[in-house]
Each structure stands twice: as structure tokens, then as C-alpha cells.
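Participant: Take this structure first; my questions come after.
Derivation of every value follows stated rules applied to the coordinates shown; laboratory data play no part. Since the structure is predicted, the reported quantities are computational estimates derived from the model, not experimental observations. Here the Cβ positions follow ideal geometry from the backbone for every residue, glycine too, while neighbour counts run over all protein chains shown.
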4 protein chains.
Amino acid sequence: MPHDSALTQLEFRLQPDAATIRPGGRTARVAKDVRDATLAELNEHGYAGLTVENVAERSGVHKTTIYRRWGGVDGLIVNALDLASQDDWGPPDTGTLEGDLTGLVHEVLELFTDPVEGIAPAAFIAATYHSERAAEAMTSLYVDRHARAAVAVTRAIERGEIPADTDPGAVVRAAVAPLYYRLFITREPIDRQIADQAVAAALAATMAGVFAQSPKSARSSRKR
Amino acid sequence: MPHDSALTQLEFRLQPDAATIRPGGRTARVAKDVRDATLAELNEHGYAGLTVENVAERSGVHKTTIYRRWGGVDGLIVNALDLASQDDWGPPDTGTLEGDLTGLVHEVLELFTDPVEGIAPAAFIAATYHSERAAEAMTSLYVDRHARAAVAVTRAIERGEIPADTDPGAVVRAAVAPLYYRLFITREPIDRQIADQAVAAALAATMAGVFAQSPKSARSSRKR
Amino acid sequence: MPHDSALTQLEFRLQPDAATIRPGGRTARVAKDVRDATLAELNEHGYAGLTVENVAERSGVHKTTIYRRWGGVDGLIVNALDLASQDDWGPPDTGTLEGDLTGLVHEVLELFTDPVEGIAPAAFIAATYHSERAAEAMTSLYVDRHARAAVAVTRAIERGEIPADTDPGAVVRAAVAPLYYRLFITREPIDRQIADQAVAAALAATMAGVFAQSPKSARSSRKR
Amino acid sequence: MPHDSALTQLEFRLQPDAATIRPGGRTARVAKDVRDATLAELNEHGYAGLTVENVAERSGVHKTTIYRRWGGVDGLIVNALDLASQDDWGPPDTGTLEGDLTGLVHEVLELFTDPVEGIAPAAFIAATYHSERAAEAMTSLYVDRHARAAVAVTRAIERGEIPADTDPGAVVRAAVAPLYYRLFITREPIDRQIADQAVAAALAATMAGVFAQSPKSARSSRKR
DNA sequence: TGTTAACCGAGACGGTACGTCGCGTCTTTCT
DNA sequence: AGAAAGACGCGACGTACCGTCTCGGTTAACA
């Protein structure tokens with residue numbers, strides 16, 4: 001995740017939109033206006049305040065048009081999420097797995113700790129509970145993120161830092177899960193110490209072979 | 001958490017209501033009817049389908065009365081959450097920390113895997129994103145749960161099973177976080193293997209001293 | 001009508017209440033508080049703003065009590081109207097019918113022209129359209145007023161000023177009707193000139209024998 | 001006023017609606033349905049029983065739409081009143097002023113005496129006390145009616161029947177005022193005799209020069 | 001000088017209607 | 001022909017005031 005802001009993170013480039021039918025002219029301009037308005041509304045009023053009517057008003061695009069092209073609030077959210085997943089983010093490369101994971105969790109920490117820009121991400125989570133489409137888009141976004149972050153783990157395997165049969169995705173999840181858990185489930189505050197602790201825990205488990213993909217080692221680790 | 005169902009979990013005892021001003025007669029009956037209807041609606045239609053109007057209809061209590069006493073959907077949720085936190089749940093006691101934690105995560109697993117009753121808890125999470133009051137109630141509920149579960153860890157410390165300065169709450173969170181993360185954030189499926197893996201990871205981290213409350217040992221574990 | 005104000009006009013004496021069972025103490029005090037609050041509310045917010053709840057609030061008398069004793073908004077209005085009819089008003093006595101009638105219409109004029117106190121009377125008219133009881137009370141009030149004013153006409157007959165068989169009530173009505181018509185039906189403004197014109201018209205008709213009670217003279221006047 | 005009924009009187013022509021932006025199809029149909037339902041409700045339940053909800057129900061037009069287009073009960077009334085003022089009514093032409101005025105008051109008499117259709121007009125009066133907009137519409141309706149009726153007086157002037165400087169409107173008002181006064185203010189019953197008496201009084205006053213527009217003659221008439 | 005019937009306070013409730021918001025559809029008009 | 005403009009249907013919201021009920025506490029008239 002980029003270290004600057006949620007908006008930058010989500011607003012990203014438009015080129016991938018080339019997949020749509022009409023890249024140039026009014027159609028594209030309308031799409032951009034709607035997307036901008038969606039994100040702005042999301043940041044200002046959160047998910048609950050994101051209405052088709054307001055987006056129409058703000059973007060200058062007629063309500064009917066929004067329904068035609070995006071099909072409702074759902075579509076607006078999905079639209080924004082899709083874009084978010086199309087950025088060129090990659091995990092840091094510090095030379096050690098601990099360093100990489102620490103960088104990763106700190107990015108999460110900063111992203112959601114920022115008092116202003118941090119609103120939008122929570123709004124996406126909220127959207128998830130109202131729209132199946134949003135939920136799906138969300139899932140695929142996270143899958144994508146995990147896959148990208150997993151290369152840091154793969155590098156560690158290649159360096160011989162951790163067991164060869166470690167499941168890269170599992171390590172990434174283990175590192176970030178405690179943060180998201182506190183952020184969105186229990187709503188407890190998070191700080192640098194907690195983030196570092198999560199990394200340490202993930203590393204300890206990894207070294208102990210908990211995330212080994214061969215059932216044997218996983219079992220043995222539990223049997224101790 | 002009890003292993004039977006979300007409803008049982010939340011519907012718990014009524015006696016605490018005695019704290020209210022008018023314990024007898026209609027007032028209490030109304031309160032019960034509304035609570036029942038709230039939970040039923042939540043289970044059937046989820047948070048999005050929980051409307052004051054429906055609860056009024058179902059409970060036979062008039063809409064105006066619900067607004068007067070509970071102030072809207074918010075209050076209904078909080079009401080249910082408060083009750084949920086008043087049960088007498090406690091963690092299993094199997095003799096080993098691994099056993100206790102495994103029992104704990106399996107409870108979570110069953111609770112949210114159950115196709116019918118499992119709807120309500122997700123609804124509570126959703127509510128959290130719409131109502132500050134619900135979010136606060138949710139937080140205090142989780143804090144309560146963690147505190148109760150922590151006794152299993154304390155027992156392990158007393159048995160000398162794990163480092164003496166281990167933070168009990170941290171261990172509990174580490175064990176359940178991955179499950180909630182997948183359930184409510186990434187919406188990936190969970191199963192027994194993942195639950196067990198989460199316990200194993202938490203244990204490994206604990207043994208490595210990651211959750212030690214003295215900064216020194218935490219650091220040393222990371223430096224390793 | 002008294003020349004001072006609508007409030008004075010309506011607030012009148014309480015003694016007739018002696019008909020009720022408990023004249024003394026709290027009961028009477030409650031009655032007075034309610035009546036005062038009713039008139040105050042009527043003057044401030046008009047009929048539409050006269051609610052049992054507000055009167056209860058303002059008077060410090062409980063809502064339930066008001067319903068018990070007055071039965072609702074209707075009763076409050078009727079209560080006020082009854083009192084109004086119990087004042088000791090009488091028409092002026094200037095020595096000529098024209099003078100008496102002019103004094104009469106000027107009283108009406110002033111009463112309803114006064115920008116502040118004039119609100120209440122209109123409120124009574126409004127009440128008339130919502131409550132049969134209020135309408136009846138209103139009718140009997142006007143009948144009473146007409147009867148009192150008629151003495152001025154009777155005096156004129158005795159003085160030989162007008163035809164002996166003149167119907168006193170008809171003359172009074174003829175004099176005031178145009179004012180009320182403009183005030184409450186067409187809502188056109190009224191002024192001294194219009195009031196005087198109404199008197200002149202009533203006099204002219206009277207002199208022409210239009211209000212003679214023997215059918216013969218009335219007919220002859222129409223035949224011209 | 002047409003001699004048939006209140007409904008006919010008010011239901012009049014629809015064409016003027018062409019002034020609105022979308023004359024065709026649904027919009028116009030909705031307008032008509034709402035107007036019909038309004039009048040029907042008014043006739044059946046009077047003003048007090050005229051609720052937006054009932055009109056919506058009866059007309060098959062949704063409540064929200066009514067609020068959007070008419071803004072509430074006020075607007076419904078005004079709508080009906082406006083229509084009422086758009087008819088092509090004119091006073092009778094019998095050849096004498098007495099005949100014309102008698103025809104006029106008899107129309108009023110019949111209109112408000114009719115036990116069934118006569119409800120609506122009273123409802124309009126009632127509306128007047130609750131809605132400034134309704135009151136204004138009412139005023140302009142009466143002004144319009146008076147202006148039309150005044151031509152009968154003008155004809156009489158041209159025939160030399162009455163003083164040349166007579167104020168036509170004043171004569172009309174003088175003739176109808178007593179009826180309305182009894183109908184809506186004192187709620188006393190009216191009959192043919194009273195109506196005829198009112199005409200006779202108005203004529204007598206007119207002949208005496210009471211309604212002369214030059215101040216001089218008016219004064220002289222009062223001096224007798 | 002008690003007693004006791006009448007009256008009052010307090011609070012919750014059911015009920016009707018209000019006026020508003022936002023969604024999503026459909027129709028008319030305009031280009 | 002097809003999109004812009006806009007009216008509409010629809011479900012729910014949250015509020016105001018109505019009138020009722022239950023309970024419990026006062027008070028004033030009368031024995």
C-alpha cells in the first residue's frame with residue numbers, strides 16, 4: 001500500500017479502464033467524474049452518506065445515467081474497489097523478512113491511523129455488509145494484496161531464512177490479521193507496538209513451522 | 001461462547017432487567033417482545049433487513065414506543081448486545097493451554113459456520129458500521145469476552161506451561177484474530193485446519209516470549 | 001364587547017364555576033391554571049397551536065387531568081367560550097340608534113384590528129370548524145351578544161326613532177354582518193369607513209321597514 | 001355560482017392545466033386523480049378529515065408524490081380553490097336589480113342548504129383557518145366572484161335604477177354578507193325569508209345612497 | 001379529627017398522520 | 001433512436017399529538 005493516503009491509494013490510474021468500451025470523450029469523462037464524486041462523498045460522509053443522489057449531484061452526471069452504467073450504490077463501490085486493486089503496489093524489500101513484514105504492517109497502521117484519509121477504508125468495509133457485489137470485490141482485492149505481499153515471504157524462503165515449505169500467504173495473514181481484528185472487529189486502538197508484536201508473532205510461528213504446507217510438519221509443530 | 005447457537009447466546013437471562021424502573025407487568029413484557037423480535041429479524045434478514053417497522057410489526061409493540069424507549073435501530077442492537085454480554089460464558093478447561101485455545105477457536109468456528117444461526121453475529125458487525133452506539137457496545141462486549149477467555153491463559157501460566165510474564169489477552173487475541181479476519185474482513189472461508197493453525201501460531205509465539213509484558217523479553221524474541 | 005382586549009373579554013369571572021362540586025382549594029386552582037394556559041396558548045399560537053400537551057406543560061397540570069376534566073381540546077375551548085359569555089357587557093347608550101350602533105361596530109373593529117390581542121377571536125372561529133361542542137358554545141355566545149345589543153334598538157323604538165315593529169336582532173345583525181363577513185369569510189381588510197357604512201346601511205334598511213316583523217310591511221318594502 | 005352543486009362548481013374544466021410543463025400522459029392524469037380524490041374526501045369527511053394519506057389512498061397516487069407536487073393539505077385545498085375560480089359563472093339577468101340580487105342570494109342559499117353537496121364549501125372555510133395559502137386563494141376567489149356579480153349592479157346603474165355613483169361591489173357584499181355571517185359565524189339557520197330580507201336591506205341602503213362612492217352623499221344619507 | 005371519595009401526578013403505551021429521504025423505475029421531451 | 005430531464009412509486013424513517021391505561025399519592029368535604 002502506498003504510504004501517502006487512502007485517496008491516492010484508491011483514486012489510482014484510469015488507464016486500466018481501457019477495458020471498457022469507450023475510452024475517449026464524454027463517456028470516459030463521465031466515468032471519471034462519477035468515480036471522483038464517489039470517493040469524495042465516501043471520504044466526507046462515509047458509507048452511510050454515500051447516496052446515488054448525492055453522487056449525481058456532485059458529479060453533475062444525471063441519476064438515471066448512474067443507474068444505467070453502475071446500477072446503484074453497489075456499483076459505485078465496486079467501481080472504486082476495482083480501481084484500488086489496480087495499483088502497482090508491492091511490498092517493501094529490506095533484505096529480511098522481519099523488515100519486510102514490519103514495513104507492511106506499518107503501512108497498514110499509518111493508513112488507518114490517519115485521522116482524515118482513513119475514513120474511506122472503513123467505509124469500504126461497511127459497504128461489504130450491504131452489497132454482495134462489494135463483498136466479492138473486496139475479497140478479490142484482499143486476495144490480490146496477499147498475493148503481492150507474499151513475494152516478500154517467497155524471497156525469505158529463497159534466502160533460506162525460513163522453512164522451505166512455508167505457506168507465504170499464511171505468514172502475511174498472520175502478520176496483518178491482529179491489526180484488522182482490532183481495527184474493525186473489536187475497535188480497539190492500534191499502535192506501533194502492537195504492529196511489531198504481530199510481526200514477531202508471525203515470525204515465531206513461521207520459524208516453528210506452523211505455516212508449513214506439508215501436513216506432517218504442521219502437525220508435528222502442534223504436537224510439540 | 002456457548003456452542004449451541006447465536007440465539008441462545010444472545011437471548012440469555014432476563015433477570016438483569018430488574019435493574020430497570022418498572023420490572024413488572026406490561027413494560028417488562030414489551031421489552032422482552034421487542035428483544036425477541038429484534039433477534040429474530042436479525043437472524044432472518046440480517047442487519048440490512050432490520051427495520052424498526054418490522055420489529056414493531058413482529059413484536060406487536062407500536063413503532064412509536066420503540067422509538068421512545070430504544071431510540072431507533074441503534075438502540076435495538078445495543079439492547080441485544082448488552083444482553084449478549086450478560087451471559088455466564090467461560091472458556092473450556094482441558095488441562096492444557098493448547099486444548100483450551102483449541103476449544104475456544106472451535107466454538108468461534110462453529111458459531112459462524114452454522115448456516116442458519118450464524119447470520120446474527122455478522123449482522124452485529126454490520127451494525128457496528130452504522131451506529132457509534134453499537135460500535136461501543138460491541139467493543140465492550142469483546143473486551144469482556146477476552147477478559148473471560150484470558151483465565152485459560154492465566155491457568156497455563158500457573159501451571160508453568162508458558163512464560164510467567166505472558167500477556168493473557170494478547171494470546172487470546174492472537175488465537176482468534178485470524179479467524180475473524182478471514183470471516184469479516186477478507187470473507188475467505190474458514191475451517192478446522194485454519195482454526196488449529198491459528199492456535200498453533202499463537203502458542204508458538206507465546207512460547208517464544210512474543211507476548212511477554214516486559215519489553216526486554218519481547219525484544220529479545222524478535223532479535224533472536 | 002369590552003373595549004380593552006380579547007383576553008379581558010374572555011378571561012372573565014370564575015364564580016359561576018360554583019356549580020361544580022369542589023369550589024375550593026386545588027381543584028379550583030387547577031381549573032384556573034388550565035384556563036389561563038389555554039388562553040395564552042390560543043393567543044400565542046392560534047387554534048392550530050393549541051394542544052392538550054402544551055396546555056398541560058404550560059399550566060403545570062398533568063395531561064391526564066385535563067382529559068379527565070375537559071375531555072380534550074374541545075373542552076378547553078368551550079370552557080373559554082362559556083366564560084366569555086358570562087361577562088357583563090352591554091351596548092353603549094349615546095341617545096341615538098346611529099350612535100349606539102356606531103359604538104358597537106367600532107368595538108368589533110377595534111377588537112379584531114388590534115394586532116396582538118386580536119388573534120384569539122379568530123382562533124375561536126377556527127375551533128368552531130373542528131368541534132361541534134365549540135360550534136354550539138359559539139352560537140349561544142353570539143345569541144347572547146345579540147340579545148344584549150338588541151336593547152339599544154329597543155330603546156330607539158321606545159324613543160320613536162324607528163318603526164315600532166322593527167326586529168331588534170335583525171338590525172344588530174345587519175350592522176355587524178358586513179364586518180364579520182369581510183373579516184372571516186373573504187378576509188378583506190376592514191376600516192372605520194366600512195364600519196360606518198355598515199351602520200348607515202342597517203339604518204337605511206330599518207327606516208325603510210325592511211326589518212319590520214309584520215310580514216305585510218316587509219313585503220311592501222320589497223315591492224317598492 | 002352554478003345552481004347545481006358544489007362538486008360541479010369546483011370540478012370544472014381541466015384545460016388550464018396546460019400551463020404546466022408536462023401536459024401529456026401520466027402527470028396530467030395524476031393531477032386529475034388527486035383533485036378528484038381531494039374533492040371527494042372533502043365532501044365526505046370535511047376539512048378535518050382531509051388527510052394527505054387518505055387522498056393518496058383514494059387517488060392511487062403515492063403520498064410522496066402528493067407532498068412533492070402539492071406540498072401538503074394546503075396545496076390540495078388551494079388546487080381545488082383555484083379550479084373553482086376558473087369557472088364561467090355570472091350573475092342572473094332578470095331585468096331588475098332586485099331580481100338579480102334575489103337570484104344571487106338564492107344561489108348561495110341553495111348551495112349551502114343542500115344537505116349533501118353543501119359540505120365542501122364549509123370545508124373550504126375551515127381550511128382558511130389553517131392555511132395561509134388557502135386563505136389567500138379563498139380571498140382571491142371571493143374577490144373574483146364579487147367582481148363578476150358586480151356587473152348586475154352596473155347594469156342597474158345603466159338602467160338608471162339606482163344612484164349613478166353606487167359602488168357595485170358594496171351592494172353585492174351587503175346582499176350576501178348576512179347569509180354568510182349566519183352560516184359561518186353564528187351558525188344560525190338561514191332560509192328564503194332571511195335571504196330576501198338581506199336583498200331588501202341592501203336595496204334600501206343603495207337607494208338611500210349609502211353605497212355612493214362620493215363621500216358627500218354617503219354622509220347625507222346617514223344624517224337623514 | 002379522622003375517613004373516604006374525589007381528584008391529581010406520573011409514566012408508558014397504542015394509534016393516526018405527518019413530512020422527509022433515498023432508492024430505483026418509468027415517461028416524456030428533446031436532440 | 002436514444003439519452004437527458006424529471007415525475008413517480010415505494011419503503012422506511014423519525015416526530016407530534018392524540019387519547020387511554022395503570023399505579024400511586026393528595027386533598028378536601030363530611031361524618
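Participant: Using 1/(1 + (r/R0)^6) with R0 = 25 angstrom and r between the beta carbons of C:Glu188 and D:Ala40, what's the FRET efficiency to the nearest 0.05?
Facilitator: Working: r = 30 Å, r/R0 = 1.22.
After rounding to 0.05, the efficiency reads 0.25.
Participant: Here is a further query. What does the copy distance list look like for C:Thr96, label position 7 Å along Cα→Cβ, in nm and ordered from shortest?
Facilitator: Ordered by distance, the counterparts are at 3.3, 11.8, 12.2 nm.
Participant: What FRET efficiency, computed as 1/(1 + (r/R0)^6) with R0 = 45 Å and r the Cβ-Cβ distance, is obtained for C:Ala48 and C:Gln213, rounded to the nearest 0.05?
Facilitator: Details: r = 42 Å, r/R0 = 0.93.
So, using R0 = 45 Å, E works out to roughly 0.60.
Participant: Pull out a ≥ b ≥ c, the square roots of the eigenvalues of the alpha-carbon gyration tensor of region A:119-203, then state rounded if a/c is under 1.5, prolate if not and a/b is larger than b/c, and oblate in the remaining case. All intermediate terms of the calculation are to be shown ahead of the outcome.
Facilitator: Details: a/c = 3.22, a/b = 1.50, b/c = 2.15.
Oblate, since a/c reaches 1.5 and b/c is not below a/b.
Participant: When you look at the Cβ of every residue in C:165-178, what mean number of other chain Cβ atoms sits within 10 Å?
Facilitator: Numbers: counts 0, 0, 1, 0, 1, 5, 1, 0, 11, 9, 0, 5, 13, 8.
Averaged over the peptide's residues, the number is 4.
Participant: Run the numbers for D:Thr113 and D:Arg26: contour at 0.36 nm per residue of separation, minus the present Cα-Cα distance, in nm. Don't jump to the answer; show the numbers that get you there.
Facilitator: Numbers: separation 87, 0.36 × 87 = 31.32 nm, distance 3.75 nm.
Here the segment from D:Thr113 to D:Arg26 would lengthen by 27.6 nm.
Participant: Find every distance from the label point of C:Asp165 to the corresponding label point in the other copies (7 Å from Cα along Cα→Cβ) and write them in nm, one decimal, shortest first.
Facilitator: 3.6, 12.3, 12.9
Participant: Compute the FRET efficiency between D:Glu132 and A:Trp89 as 1/(1 + (r/R0)^6), taking r as their Cβ-Cβ distance and R0 = 60 Å, and round to the nearest 0.05.
Facilitator: Numbers: r = 62 Å, r/R0 = 1.04.
E between D:Glu132 and A:Trp89, to the nearest 0.05, is 0.45.
Participant: Let me ask something else about it. Search the structure for amide H atoms under 5 Å from the amide H of A:Ala212, placed 1.01 Å from N in the peptide plane, and list their residues when 5 or more places away or on another chain.
Facilitator: Those qualifying (amide H under 5 Å, at least 5 residues apart or on another chain) are A:Asp167.
Participant: Considering every residue in B:188-201, what mean count of other chain Cβ atoms within 10 Å of its Cβ is obtained?
Facilitator: Values: counts 6, 0, 0, 0, 0, 2, 2, 0, 4, 11, 6, 2, 11, 15.
Counting Cβ atoms of other protein chains within 10 Å of each residue's Cβ and averaging gives 4.
Participant: So, one more: At D:Gly25, with labels set 7 Å past Cα in the Cβ direction, how many nm apart are the copies from this one, shortest first?
Facilitator: Its label point is 2.7, 5.9, 7.5 nm from the equivalent points in the other copies.
Participant: Here's something else I'd like to know. State which entries of B:Lys32/C:Lys63; B:Lys63/D:Lys63; D:Lys32/D:Lys63; C:Lys32/C:Lys63 exceed 18 angstrom in Cα-Cα distance in the structure shown.
Facilitator: B:Lys32/C:Lys63; B:Lys63/D:Lys63
Participant: Tell me, what ³J(HN,Hα) does each residue in region B:176-181 have, in order and in whole Hz, if you take phi through Karplus 6.51 cos²θ - 1.76 cosθ + 1.60 with θ = phi - 60° and put x for Gly and Pro?
Facilitator: So the Karplus estimates, Gly and Pro as x, are 9, 3, x, 5, 4, 4 Hz.
Participant: Give the chain A residue with the shortest beta-carbon distance to the rotation axis relating chain A to chain D, plus that distance as a whole number of Å.
Facilitator: Spelled out as residue then distance in Å, it is A:Thr64, 3.
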